[in-house]
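Structure first, then comments.
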Protein chains: 2
Amino acid sequence: MTDYRTLRVALLGAGAVGSQVAGLLLRHGDELADRAGARLELAGIAVRTIDAPRDVELPAELFTTDAEALIVGADIVIELMGGIEPARTSMLQALASGADVVTANKALLATHGPEIFDAADQVGASVYYEAAAAGAIPIIRPLRDSLAGDRVRRIMGIVNGTTNYILDRMDTEGAAFADVLSQAQALGFAEADPTADVEGYDAAQKAALLASLAFHTAVPLDAVHREGITGVDAAMIESARHAGYVIKLLAVCERIEDAAAGQQADAISVRVYPALVPRSHPLASVHGANNAVFVEAEAAGSLMFYGAGAGGVQTASAVLGDVVSAARRHIAGGVGVGESTRANLPILPIGRVTTRYQITLEVDDHAGVLATVAGILTEGRVSIATVEQTVLTEEEQGAPVARLVIGTHKALEQDLSDTVARLASSGVVERVVSVLRVEGD
Amino acid sequence: MTDYRTLRVALLGAGAVGSQVAGLLLRHGDELADRAGARLELAGIAVRTIDAPRDVELPAELFTTDAEALIVGADIVIELMGGIEPARTSMLQALASGADVVTANKALLATHGPEIFDAADQVGASVYYEAAAAGAIPIIRPLRDSLAGDRVRRIMGIVNGTTNYILDRMDTEGAAFADVLSQAQALGFAEADPTADVEGYDAAQKAALLASLAFHTAVPLDAVHREGITGVDAAMIESARHAGYVIKLLAVCERIEDAAAGQQADAISVRVYPALVPRSHPLASVHGANNAVFVEAEAAGSLMFYGAGAGGVQTASAVLGDVVSAARRHIAGGVGVGESTRANLPILPIGRVTTRYQITLEVDDHAGVLATVAGILTEGRVSIATVEQTVLTEEEQGAPVARLVIGTHKALEQDLSDTVARLASSGVVERVVSVLRVEGD
């Protein structure tokens with residue numbers, strides 16, 4: 001075995017991902033040393049509870065509850081504690097000591113990214129976070145490096161496995177949201193508290209990271225428009241299928257000419273919501289808990305990255321790739337390459353975004369209603385592309401009700417929401433059943 | 001504009017890719033400087049003929065025929081001349097002077113890779129070649145970096161756009177190979193001399209690069225088994241469709257336990273051939289001239305990378321990403337990270353590979369023939385999974401002929417080819433119509 005220099009690796013956290021990282025580091029040590037050009041010595045694993053049950057059997061002597069002491073003297077610190085604190089404090093301590101940091105902590109990077117990247121720049125260290133955006137799918141390096149000479153126009157990502165699993169089962173089985181969610185919880189595909197997933201918080205964090213990289217602009221989490229999937233019901237999915245669409249929770253990062261402001265300067269929009277995707281689009285075929293990121297770039301054209309978006313051992317693969325990169329940089333010398341955020345593009349609020357929409361209404365079924373509805377849309381600068389009218393069974397009161405499914409041309413979100421409000425209070429609309437954006441066509 | 005350090009970039013070659021690279025470098029100079037942290041000054045473009053027609057209009061004063069003089073003093077040299085010489089000499093000159101090299105030259109890397117990477121290591125320079133493997137698709141960094149902590153089990157790649165275009169049109173239109181090829185040539189999807197594409201040479205070069213990265217082993221081009229698609233006819237495609245398959249030219253890079261040698265040490269196999277892919281496999285949906293690389297790794301599971309495999313501006317995107325990476329490294333300092341080839345796994349000859357096969361035979365249609373054929377297969381250690389027999393129209397001589405389509409279980413290539421030879425000379429087999437490997441199921 002070659003006589004490699006030894007690098008000390010400190011692991012913070014031994015949950016689903018951390019325990020797999022430790023196991024692989026110990027099991028494939030020689031192989032990783034050959035690839036990194038350095039021996040990676042697992043100096044210790046900091047945890048809250050020493051004797052908690054772990055997914056992987058690990059030597060007891062590696063465990064400590066003293067993260068602070070473990071970080072001292074480490075060359076590479078792997079932060080897999082999750083959450084904001086104490087992860088933030090530990091990461092800043094590690095960077096201040098000159099260690100490179102590898103993390104999968106999207107919540108921390110999406111909320112305290114600039115502070116952390118600045119801390120790294122101060123000492124010439126690097127922060128690696130391939131595992132933070134789409135689990136095992138290599139998407140950070142492609143955006144940061146491979147596409148660094150191109151101009152990304154648009155990213156559409158299925159970046160949350162839990163919601164894709166739920167929507168996919170609702171689509172294939174016609175099942176109700178609540179039923180699929182509780183089954184997903186039983187199978188371990190969804191957390192006991194599913195809020196972060198089903199309300200789109202997790203996807204919004206990933207969207208912020210992807211948009212920052214793609215547009216070379218710091219994107220704070222609160223600039224990401226976020227809607228979850230709790231409002232998606234079986235009828236919406238059935239209606240989407242009827243129209244040739246599937247409903248997916250999408251993270252959309254878009255570079256747009258700020259036409260609404262009448263100027264030519266580019267701006268960006270970052271948003272997460274359930275959207276109608278044409279069944280012929282590659283993203284429509286992403287099933288189960290898988291993730292995929294579809295990228296449109298000016299020169300490269302359309303690219304897609306597909307794989308497992310979560311899972312302990314899958315995410316561990318991405319973490320270990322970063323550890324090898326960090327080790328190679330240590331051996332090569334030089335300072336870390338900081339984040340590229342100098343483009344500093346303005347971020348548009350959701351109201352300034354244009355997309356196509358599908359509006360489903362229940363209206364009184366009598367002559368002139370369609371004309372009234374069409375008039376309100378036209379007045380609101382929402383142009384109609386398609387209309388489908390279905391007469392529903394009569395309601396108890398005896399007034400006949402029809403369902404209108406209206407597909408629009410591209411419209412400004414602000415115009416659209418104003419128009420929908422006017423429709424709702426128009427007197428002819430009984431109920432606004434749903435308003436969904438259409439993406440990818 | 002920030003006061004960046006200036007890096008001198010020398011471009012060698014101004015063909016379909018080179019002219020786009022120059023155009024983008026000039027057009028997006030400020031943007032690229034912000035991303036790279038350095039101003040990228042296009043010092044000149046070395047070409048054979050100054051006034052040849054170009055795809056992009058470029059300042060005449062940039063052109064020179066003196067590549068050697070242009071390289072002197074360059075920080076980054078972009079080699080897009082193609083071919084072995086003078087590309088090799090120029091690249092070695094650039095590396096000797098300490099410049100980083102960016103190239104899309106798969107032929108050169110697949111044949112002289114070790115010499116070039118050694119030259120880079122000597123001076124601590126780097127060679128970047130994201131554009132060499134699948135055009136605009138980021139696959140080099142994912143394999144070299146993102147998956148560096150994992151163990152790649154298998155790569156199946158559609159890495160040649162021309163052959164995928166031809167096979168796809170044969171599949172969707174039932175057209176003949178020669179007809180589609182001449183149309184592809186007329187449309188610019190195939191070269192006037194299509195040998196490099198249709199005989200699999202281009203795919204084999206890319207397979208060597210991908211396998212080297214995936215298995216951390218230098219893979220010489222002559223260790224890649226190569227078969228082209230000129231033998232694929234409309235009948236084979238129709239028969240594949242009937243059995244639920246599509247024929248794709250695949251680059252397969254596989255890590256295997258060397259069971260044939262009775263030992264447990266891993267080995268690898270790298271091969272290019274037309275194969276039957278189940279229609280449900282993600283690679284089956286890769287249409288037209290697109291490329292896709294499907295990767296199976298021990299921890300990460302299945303990943304797929306999809307996009308444009310060729311094209312001037314698409315490939316230029318990958319080249320410019322590398323230029324930005326090279327610039328960042330110059331600014332960060334430190335030496336270049338060399339190729340990781342220390343695993344040095346043995347490369348198996350094709351005879352030692354096991355796959356499934358589909359054998360199509362024309363046999364005499366009389367009692368006992370199937371038993372004879374089955375006996376020869378069993379004797380040859382080829383186990384039958386499925387058989388389909390169709391009686392063909394009688395031949396002129398009056399002897400009835402049947403077609404047998406035999407799907408096998410996994411068998412050793414050597415056993416299979418010996419067995420097919422025995423079938424051919426058995427007296428009951430009129431004609432071996434085709435023998436195809438089945439991949440991806």
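The values are calculated or read from the model by the stated rules, or taken from the named source; none is laboratory data. Treat the numbers as computed from the prediction; the structure is a model and nothing was measured. Cβ sites come from the backbone with ideal geometry, for glycine too, and all protein chains shown count toward neighbours.
Assorted remarks:
- Matching option when the condition is touching a residue at least 60 places away in the same chain (Cβ under 8 Å), in contact with a Gly (Cβ under 6 Å, 6 or more places away or on another chain) and within 13 Å of another protein chain (Cβ to nearest Cβ), among A:Ala300, A:Ala289: A:Ala289
- Selected residue (criterion: surrounded by the most Cβ atoms within 10 Å (Cβ to Cβ)) from residues of the stretch B:27-36 that are under 31 Å from the mean Cα position of the chain (by Cα) and among the hydrophobic types (A, V, I, L, M, F, W, C): B:Ala36
- Meets criteria (hydroxyl-bearing (Ser, Thr, Tyr), in a loop (DSSP other than H, G, I, E, B), within 23 Å of A:Phe305 (Cβ to Cβ) and assigned by TED's automatic domain parsing to the domain that holds A:Thr162) for A:Ser280: yes
- Checked against (1) in contact (Cβ under 8 Å) with a residue 60 or more places away in the chain; (2) surrounded by fewer than 24 Cβ atoms within 10 Å (Cβ to Cβ), A:His242 passes all but a single condition, namely (1).
- For B:Gly37, the test of being among the small types (Gly, Ala, Ser) and more than 14 Å from every other protein chain (Cβ to nearest Cβ) is failed.
- Those residues of the stretch B:122-153 which are part of a strand (DSSP E or B), aliphatic (A, V, I, L, M) and either facing chain A (nearest Cβ under 7 Å) or under 19 Å from B:Arg328 (Cβ atoms) (or both), in sequence order: B:Val127
- Residue within the stretch B:45-61 that is in contact with a Leu (Cβ under 7 Å, 6 or more places away or on another chain), away from chain A (no Cβ under 14 Å), crowded, with 20+ Cβ neighbours inside 10 Å and under 26 Å from A:Glu298 (Cβ atoms) present: yes
- The lone criterion from (1) within 8 Å of chain B (Cβ to nearest Cβ); (2) crowded, with 19+ Cβ neighbours inside 10 Å left unmet by A:Gln358 is number (1).
- Considering the stretch B:171-254, the qualifying helices (runs of 4 or more DSSP H), each wholly inside and each with 1 or more residues that are over 18 Å from B:Tyr129 (Cβ atoms), run over B:177-187, B:195-198, B:234-242.
- Scan of the stretch A:1-27 for residues that are assigned to a loop (DSSP other than H, G, I, E, B) and either free of Cβ contacts under 8 Å to residues at least 12 places away in the same chain or polar (S, T, N, Q) (or both), ordered by number: A:Thr2, A:Asp3
- Selection within the stretch A:306-328 - within 7 Å of chain B (Cβ to nearest Cβ) and over 20 Å from the mean Cα position of the chain (by Cα): A:Leu320, A:Gly321, A:Val323, A:Val324, A:Ser325, A:Arg328
- Among (1) away from chain A (no Cβ under 14 Å); (2) crowded, with 22+ Cβ neighbours inside 10 Å; (3) within 21 Å of the chain's Cα centre (by Cα); (4) at pLDDT 95 or above, the one test that B:Ile84 misses: (2)
- Matching entry among B:Leu436, B:Leu416 (being part of a strand (DSSP E or B) and touching a Phe, Trp or Tyr at 6+ places or on another chain (Cβ under 8 Å)): B:Leu436
- Looking only at the stretch A:10-26, residues that are surrounded by fewer than 24 Cβ atoms within 10 Å (Cβ to Cβ), closer than 18 Å to A:Ser325 by Cα and more than 11 Å from chain B (Cβ to nearest Cβ) come to 1 in all.
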